[in-house]
Amino acid sequence: MSKYDYLVVGAGLFGAVFAHEAALHQKRVKVIEKRDHVAGNIYTKEIAGIQVHQYGAHIFHTSDKQIWDYVQQFATFNRYTNSPMANYQGKMYNLPFNMNTFSELWGVRTPAEAQRKIESQRASLNLVGTPRNLEEQAISLVGTDIYEKLIKGYTEKQWGQRAKDLPAFIIRRLPVRYTFDNNYFNDTYQGIPIGGYTQIVEKMLANDLIDVETGVDFFDHKTEYLREYPKVIFSGMIDQYFDYQLGELAYRSLRFETEELPVANYQGNAVVNYTDAATPFTRIIEHKHFEFGKGAADRTIITREYPQAWQRGDEPYYPVNNVENNALYKAYAALAKHEQNVIFGGRLGQYRYFDMHQVIHAALVVARRELD
Ligand code: FAD
Ligand code: UDP
């Protein structure tokens, strides 16, 4: 038998929070990670004094004070407020959808004018009951102009499916506001950790009771691990764990193209979305704008984000939570109940569109249940 109490599979946020809490309870933990670094998708790396978000822009936001206080142990956060811009065929619009956007689109000046405009466009939908898909949901929230210019192209590139075939909940993540407020999130707390996200996971794992090994894939020695460790915390893909025996869950992948440019300021904002259908990428991130005034004065680093179909072996960035996949996930979750010594968690283990604060919450719930 192993000298450890737990094997944690995956050194992302879920695995790191669990390992940290377990060590605080005097448990010995082994963490294995198949990538060559810890931190999972929140991994940031310093290049030219700039913290580069290696797996897409990550903005921490939550309304849960306990979660906000919890992460403050591991980093100091700045007061970054996410206010992405949209570029539609060369014209710039503010996001999320708010009075600035409505004014840029239609020249309206008051909330009443904007509401009348949206109401008249919504009428074309002839909607009976609740919206059945993302297209209906979007038009019913913001009308046809915004749907055509700022939602349809972006969404269909992002997900590789028609907006008509996607679940409505995806678009409900975005606020719609009748105020001149470009804050992308409604949450009470928001910011970027000064010095990047990787330090958060490194500090969580910095305990003598935790051993971390990177470049190790659980599936290379699954049988031995399950035999030797009293308990496994698994934050990889749940369908892969069960050898896809009930079928494959769908994921969406991404390709990141990062470039260092000899200019001080490329796009004037951390995030610019390209919302037309013809541009192959969804957004350009300019990393230095996440940390005001940091990094090289004469250089900048940008990343273009290209959505990709997912196949086995690719990085599964997003679960595709439509009705079919959710039902399949439920069937896997039922199998998981019989794996008495394995706990499944995180974005891949629970097959859920989790943000960072939700992953921390989920890991703390598991830790409390398991350790208290
Ligand atoms: P992961 O970070 O995926 O960690 C799982 C780890 O397990 C990975 O490192 C993986 O390599 C490892 N692993 C998998 N299988 C195995 C195996 N067989 N053996 C060993 N190791 C294995 N959240 C926000 O709050 N704000 C944002 O702005 C935001 N933006 C995002 C942008 C993008 C493009 C993406 C993809 C996500 C974004 N998120 C954001 C979500 C955030 O990334 C997740 O909530 C968080 O990283 C999930 O942590 P996790 O530990 O569940 O998963
Ligand atoms: N979305 C859009 N236009 C935009 C930004 C977002 O239509 O300019 C839609 C798109 O369907 C996306 C969803 O809103 O999948 C959620 O956006 P969010 O920014 O939360 O996506 P994520 O950061 O998770 O990729």
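The values are calculated or read from the model by the stated rules, or taken from the named source; none is laboratory data. This one's a predicted model, so the numbers in the text were calculated from it and none came from an experiment. A quick note on method: Cβ atoms are made from the backbone with ideal geometry, for glycine too, and the neighbour counts reach across all protein chains shown. Remember, those area values only see protein heavy atoms, side chains included, never the ligands or the DNA or RNA. Shrake-Rupley method; radii C 1.70, N 1.55, O 1.52, S 1.80 Å.
With contacts taken as Cα pairs under 8 Å and at least 6 residues apart, the chain reaches a relative contact order of 27 percent. Using the Karplus relation 6.51 cos²θ - 1.76 cosθ + 1.60 with θ = phi - 60°, the per-residue 3J(HN,Hα) values for the range 283-291 come to 7, 10, 9, 10, 4, 5, 6, 6, 10 Hz, with x marking Gly and Pro. Rounded to whole numbers, the Karplus 3J(HN,Hα) couplings from phi for the range 261-268 are 10, x, 10, 6, 8, 7, 10, x Hz, using 6.51 cos²θ - 1.76 cosθ + 1.60 with θ = phi - 60°, and x at Gly and Pro. If the limit is 18 Å between Cα atoms, which of 30/337; 152/288; 3/30 go over it? Beyond 18 Å: 30/337; 152/288.
In the neighborhood of residue 215, defined by Cβ-to-Cβ distances under 13 Å, what is the net charge if each Lys or Arg adds +1 and each Asp or Glu adds -1?
Values: positive: 34, 35; negative: 33, 36, 213, 217, 220.
Charge balance in the 13 Å sphere: -3.
Between 212, 52, 359, the GNM of the chain built on Cα springs shorter than 10 angstrom shows 212 fluctuating the most. The fraction of accessible area contributed by carbon and sulfur in the range 115-155 is 47 percent, rounded to a whole number (1.4 Å probe; ligands and nucleic acids excluded).
Put simply, the amide H of residue 234, placed in the peptide plane, has neighbours under 5 Å in 9, 343, 344, 345, leaving out anything fewer than 5 places away on its chain. Whole-Hz Karplus values for the range 335-350 come out as 5, 4, 4, 7, 7, 5, 9, 10, 10, 9, x, x, 4, 8, x, 10 Hz, taken residue by residue from phi with 6.51 cos²θ - 1.76 cosθ + 1.60 and θ = phi - 60°; glycine and proline positions read x. For the range 1-156, the fraction of C-alpha pairs farther apart than 18 angstrom is 73 percent. Taking a sphere under 15 Å around the Cβ of residue 83 and counting the other residues whose Cβ falls inside, with K and R at +1 and D and E at -1, yields a net charge of -1. Amide H contacts of residue 98: 177, each under 5 Å away and 5 or more positions distant or on a separate chain (H built 1.01 Å from N in the peptide plane; Pro and chain starts excluded). Amide H contacts for residue 250 (H built 1.01 Å from N in the peptide plane; partners 5 or more residues away or on another chain; cut-off under 5 Å): 320. As a ratio to 2.2 N^0.38 Å, the alpha-carbon radius of gyration computed for the chain takes the value 1.05.
Solvent-accessible area of the range 193-288 (1.4 angstrom probe, protein heavy atoms only): carbon and sulfur portion equals 46 percent. Largest first, the residues 221, 58 sort by 1.4 Å accessible area into 221, 58. In summary, the lysines within cross-link reach of residue 65, defined as a Cα separation below 24 angstrom excluding same-chain residues under 8 places away, comprise 203.
Counting only heavy atoms of protein chains, what accessible area per residue, in Å², does the chain have with a probe of 1.4 Å? If you can, show how the numbers build up before the last one.
Working: 16840 Å² over 372 residues.
Counting only protein heavy atoms, the per-residue value for the chain is 45 Å².
Listed by chain and number, the aspartates and glutamates whose C-alpha is less than 19 Å from the C-alpha of residue 157, apart from same-chain residues fewer than 8 away, are 135, 136, 145, 148, 165, 257, 276, 305, 314, 315. When you count the other C-beta atoms within 10 angstrom of each residue and take the mean per peptide, 240-246, 229-235 line up highest first as 229-235, 240-246.
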